[in-house]
Structure formats: C-alpha cells, structure tokens
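Throughout, read-outs are computed from the coordinates displayed, never taken from laboratory work. Not measured: the values here are computed from a predicted model. Every residue, glycine among them, receives a Cβ derived from its backbone with ideal geometry; neighbour counts consider all protein chains shown.
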Amino acid sequence: MNQALEFIYNHFRDIAKDDLEYVYRGEVTAHLVMNILELAKSNLAKADDTRKMRSRIYYIMGEGLQNITAHQAVSTESPDNSAIVVIYKKRHKYIIATGNLMKRSAEAALREKLETINHLDADGLKELSRDIRTTTGFNEDGGASLGLIEMAKRSGNKLDYLIKPVDETHSYFYLTTEINTSSDTDAADDVPYTIQDLIDVHENFNENNYTLSFKGDFDQENLLSLLSILKSGMDETTTRIKLYGVMVELLQNIVKHADNIYENSKWKAGVFYIKEHEDKFSLLAGNYVSKSKSAALRQRIERINAMGSKELAKEYNKILFNFNNDPVSTGLGFIDIRRKSGSKIEYWIVEVNEERDFFMVDIEVKKVN
Amino acid sequence: MEPYEITATVDTPEVSLNAGKGTLSLARMSLPEDAVEFYSPILQWVSDYCKSPNPQTVFNMKLEYFNTASSKQLIQILLLLQGLQDKSVVIINWYYKEIDEDMQGLGEEFSQIINMPFNLIPVAKFDK
C-alpha cells in the first residue's frame, strides 16, 4: 500500500456511526453550493438531532458556502486558486470549514469585520444584524457581512479564521464554524476541529491533487449527491461520462457489499476520493469487507484483471444472460469498471481484525480528448 | 392494454409504454438501488404486449446512462422484442450522446448479442 493510500486508511479507521466528512476542492459555483447542501441535508436527516437543530446547521452551511461565492478571488498565477469546503460531523459537533483566495486589499476590512463579530455577545450580534438590515451599516458589501454575523449568531460560537498571504496581491482566507448539537458537558470530550486541521486538509488535497473526498455512510442518496457534485464541477465530456459510469459501479459496490459494522443499522461506512492528474483521474474507494468474503473478492479481481478486452466483452455478455435476478449482486460491476476505464483494478486488502478486512481500490480513468 | 407511464427521478428513467401505438420508450438515467424491482412491472407489461402486439413495434432507447444492474433488465426487454419479430415489425432506435463512446459501444454489442439490427442514432444532447 502506498503512502497516500495508507493515509486514507488511517484517516478512515476512526470512523463511527453518523460521522461525516466531505471535502471539495475547486471552483465554488451556485449550482455546486446547492448540490453540497443537498448532500448535507440527506445526512442531517439521518442523525438524531432535532428539526430545529437540523435547520440551524443547514442554514449555517448555506451561509458559509455562499460566503465563498461572495468573497472568492481568482488569480491565474496562484496555485491556491481553488476554494476548499469541508463539512464535518463527529459525535456532537458539526463543522463547516471553508477556504478561498481573496484580494489582499480586502484583507483589513474583513479582519475588522470578523474581530467585531467575535467580540460581540448574542445580544450584540442581534443588534448589529438589525443595524445592517435597516441601514447600510458596517460597509458597502452588507450581504457578505450579514452572512458572517448570522453564522456567529446561529452557531453560538466564535468564527475561527486565518488569513494567510499567498503572493503580493492575494491571501488565502480560512474560516471554520462549529455547531454543537449537545450540551457543553457532552461535547467536552470531543476532539476540536481547528484552523490547523483545515489547513492540513487543504495541503493534503493540494499535494495529492484530490478534488473531492467523502467519508461516511454509503447509501443510494449519498451516492446520488456525490454524482451530482461530479456533474456540477465538470463540463460534460467523454471523460466525465466515463468517470460517472465508473463512479456509479464503484459506489454501488460499497452500498451493496460493504460489511455493515454497526448492528441493527443500515449505516455503511466507506471512503471515496477523486484525484485529478494531468492526463487522468484516479477514483479511490474503500470499505470494510467480511473476512469470509475477502478471498473470493481477491480471486475475482485477479481473474478480471488478467482478461484482455475481448475476454472482458465475452465475460460481460455471458453474465448479462445470467438472469438469476439477484438484486444485490449482478456480477458485472468490476467488469464494467475495467471496460469503461481501460485500466486494471489496483486493489489492497488489509486486515483489520479477526472478523473483517479493509478493501480499497484505485481506478485510473484516462482523460479522453 | 393500459399504457404504462412513469416520470423520471434522479435514478430511475422516464418510461412510456403504449400498446395502441406499439411504442416503448426509456429515457434519462437508470441506476436504481434495486433494478429488479423497478423493471419487474415493465418486463411484465412487455411480456403481455408480446401476446397481442401492434403490427409495428418501436423501442426508443434514450437512456443517457444505465448501470450494470439495469443492463440485465434491458437485455431481457430486448430478448422479448427479439422473440416478437414473427408477429410484429420490430424497430429498435438506440440513441446515444455523440460524445458517449461507451453507450455507442453497448448499442453495437447488444445488437450483436440479440442478433437484431439497431438504428444507432447519435444526438448532440437529449431533450430535457
């Protein structure tokens, strides 16, 4: 297992039921914001939080994401041109963390706004928000300021931020907002999510050219949200059509075959990354498998990997006519992945404990002109 | 026979089956969680239609994408239509986006394996 995969596995291992970590790196458009919110919404609906709490979290996420579209600057010279969005849930804590490039000329004003907000208590925030709504207070771009005030007000927490100079004219603006869904005593044991965590994620994504990752429950709803995010982040090309096809089969494999480690629950832990190289994409997916199934899985992939394109076509046609109508397994997924991607299936099976292994694949999809 | 019509969802296709006109059509996306369940009434309808078909039957395959689970269901529809040829003139129009080489390839392959000619029709994009 190479270093990047080992990192993904180690990062995945601490997953617990209802956890969620979604990261996107790229251009943040209004359409994408909608799709990310959709993903957040379907996961919020699964957690035990009250409706009031859910709508609060949803609102803060919306403001945080729109904040990027309001502030983001573009610089052709900067490697940090892309924005980063992290939606994170662990135990009683939700985090919405964002990063985007901004003009240095706007830095002082933004810093002042954030400091003002962070020094106000709940009543002070209410007052400020009212002032801005009724007059043109604060300054001319009242819309963006209101967003920040509302985030502080509704989360009940300070806005943690860092503005890092990138070049002479640009800085990178990191912002995290935390929402606690439980009383302070319950949340006290939770590991904090800091600005440094966000910076680490950002650096990891930049270094490895990841554009998207998802760690959480793999069900049909999340799968569809991830597919919509892929679609809204990329123009429709032959490559995107291939990526879409490979992604469906990869993710449905997890939805259907992942070992369910939480008793009496449909919650299926999995992890998925998209990595973009100059000439290809890599799709990385990992999940637990029951030890009793690992050997057969290995054998099956080895067999499919050994096949040439003609044999793959033959095998596909053979299985196509096998109408056992098993709703769980069609037997075609990996063959389809091999055929669409034109690559061998790289895979790793790592022992977790006596009952289960961790199974991970890396599928290369070459860019087609 | 009653027509069978379903509107599309994010993961299931628009379905329109009309015995009076002898037209069958599938459009949009097909990646349901349980393809067997989704296609079961469709296969039943096609199977009933084959008992007393229209003199001409046209199948418009306009799916933009179908997953492997759906492909097993699709081949069963095609097999029913293959068996219908002595009772009805069967025309299969296989639409695909011109940039979608995989969908084009599948059309060629499916035509070959059920041994029936398809009209392979490239389109710039599908109507929404």
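Below are the figures for this structure:
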| item | result |
| --- | --- |
| In segment B:57-95, residue farthest from the other protein chains (Cβ to nearest Cβ) [restricted to those that are out of contact with any Phe, Trp or Tyr (no Cβ under 9 Å at 6 or more places or on another chain), more than 22 Å from residue A:323 (Cβ to Cβ) and of a type in the set (A, V, I, L, M, F, W, C)] | B:89 |
| Options A:309, A:329, A:341; residue that is within 13 Å of chain B (Cβ to nearest Cβ) and buried (at least 16 other Cβ atoms within 10 Å of the Cβ) | A:341 |
| Sole residue being under 18 Å from residue A:330 (Cα atoms), touching a Ser or Thr at 6+ places or on another chain (Cβ under 6 Å) and among the aliphatic types (A, V, I, L, M), chosen from A:289, A:246 | A:246 |
| Unmet requirement for residue B:123, which otherwise passes all of (1) surrounded by 14 or more Cβ atoms within 10 Å (Cβ to Cβ); (2) more than 15 Å from residue A:323 (Cβ to Cβ) | (1) |
| Flag for residue A:199 being in contact (Cβ under 8 Å) with a residue 12 or more places away in the chain, within 13 Å of chain B (Cβ to nearest Cβ), assigned to a helix (DSSP H, G or I) and under 23 Å from residue A:4 (Cα atoms) | no |
| Search result, residues across segment A:152-180 that are outside any strand (DSSP E or B) and either under 21 Å from the mean Cα position of the chain (by Cα) or on the phi > 0 side of the Ramachandran plot (or both) | A:156 |
| Some residue of segment A:291-299 being touching a residue at least 12 places away in the same chain (Cβ under 8 Å) and under 26 Å from the mean Cα position of the chain (by Cα) | no |
| Checklist (1) in a helix (DSSP H, G or I); (2) away from chain B (no Cβ under 14 Å); (3) not aliphatic (A, V, I, L, M) applied to residue A:270, failing item | (1) |
| Residue count for segment A:110-124, restricted to those that are surrounded by 15 or more Cβ atoms within 10 Å (Cβ to Cβ) and of a type in the set (D, E, K, R) | 1 |
| Test: residue in segment A:245-264 that is within 10 Å of residue A:359 (Cβ to Cβ) and of a type in the set (Asp, Glu) | yes |
